[in-house]
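Structure first, then comments.
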Amino acid sequence: MLKKFITIAAWALLAFITYATLSPIQARPTLPIPSSVEHFAAFATLGGLFCLAYPKHIISVCALVFGSAALLEVAQLFTPDRHAHFADAMQKLAGGTFGIIILTTVRRLVFSIR
């Protein structure tokens with residue numbers, strides 16, 4: 001049951017990130033933190049959730065998280081009031097990498113202790 005919840009949460013977060021990235025700027029949800037922290041945290045959480053949801057498919061998780069970061073940034077070029085920046089893409093990729101590495105490491109440590 002928990003695995004199913006985590007899987008749904010991972011896909012829901014990806015859908016929310018897609019909405020937040022491509023929605024009109026006035027409809028974009030924001031937090032009272034710098035956007036660079038938002039980018040990093042969102043993709044770190046995304047990477048972590050997908051690692052928990054699909055622990056035996058790390059290569060696919062990396063492809064999904066990194067690919068969505070790059071694709072969503074490029075997709076902003078086709079929206080009238082949004083903009084794509086290389087720095088934003090790097091923040092998203094760094095966050096995804098961080099989330100994947102941390103969760104993969106924690107899972108390996110926890111299962112090696114048992």
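The values are calculated or read from the model by the stated rules, or taken from the named source; none is laboratory data. Note that the coordinates shown come from a computational prediction; the quantities given were computed from them, not determined experimentally. Glycine also receives a Cβ, built like all others from the backbone with ideal geometry; neighbour counts cover every protein chain displayed. Keep in mind that these areas ignore ligands, DNA and RNA; they rest on the heavy atoms of the full protein, side chains included. Shrake-Rupley method; radii C 1.70, N 1.55, O 1.52, S 1.80 Å.
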Zone residues, region 1-19, relative to residue 57, backbone N less than 18 Å from point 7 Å out along Cα-to-Cβ: 1-15
field: Sparse-neighbourhood loop sites, trypsin sites (Lys or Arg not before Pro) in region 2-71 - DSSP loop, at most 16 other Cβ within 10 angstrom
entry: 56
query: Roughly how many percent of the accessible protein surface of the chain is carbon and sulfur, given a 1.4 Å probe and a whole-percent answer?
result: 76
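About the Cα centre, and with charges only on the beta carbon of Lys, Arg (+1) and Asp, Glu (-1), how big is the dipole of the chain? Nearest 20 debye, please.
Working: 9 positive and 4 negative charges, 128 e Å.
Approximately 620 debye in magnitude.
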statement: In terms of the charge dipole of the chain, which places +1 on Lys and Arg and -1 on Asp and Glu at the beta carbon, the residue among 65, 31, 104 farthest towards the positive end is 104
query: What number, rounded to the nearest 500 deg cm²/dmol, is the helix-based mean residue ellipticity at 222 nm of the chain, given -39500 (n - 2.57) per DSSP H run of at least four residues and division by all its residues?
result: -26000 deg cm²/dmol
Region 58-114 versus region 1-54: alpha-carbon centroid distance in Å: 10
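For residue 75 and residue 102, what is the calculated FRET efficiency with R₀ set at 25 Å and r taken between the beta-carbons, to the nearest 0.05? All intermediate terms of the calculation are to be shown ahead of the outcome.
Working: r = 27 Å, r/R0 = 1.08.
According to the calculation, E is roughly 0.40.
As an exercise, use a Förster radius of 25 Å and the Cβ-Cβ distance of residue 18 and residue 113 to find the FRET efficiency, rounded to the nearest 0.05.
So the FRET efficiency works out to roughly 0.10.
Just the number please: accessible area per residue for the chain, 1.4 Å probe, all protein chains included, in Å². Numbers along the way, then the final one.
Details: 7040 Å² over 114 residues.
For the chain, the per-residue accessible area is 62 Å².
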task: Over all alpha-carbon pairs in the chain, figure out the percentage whose distance exceeds 19 Å.
output: 45
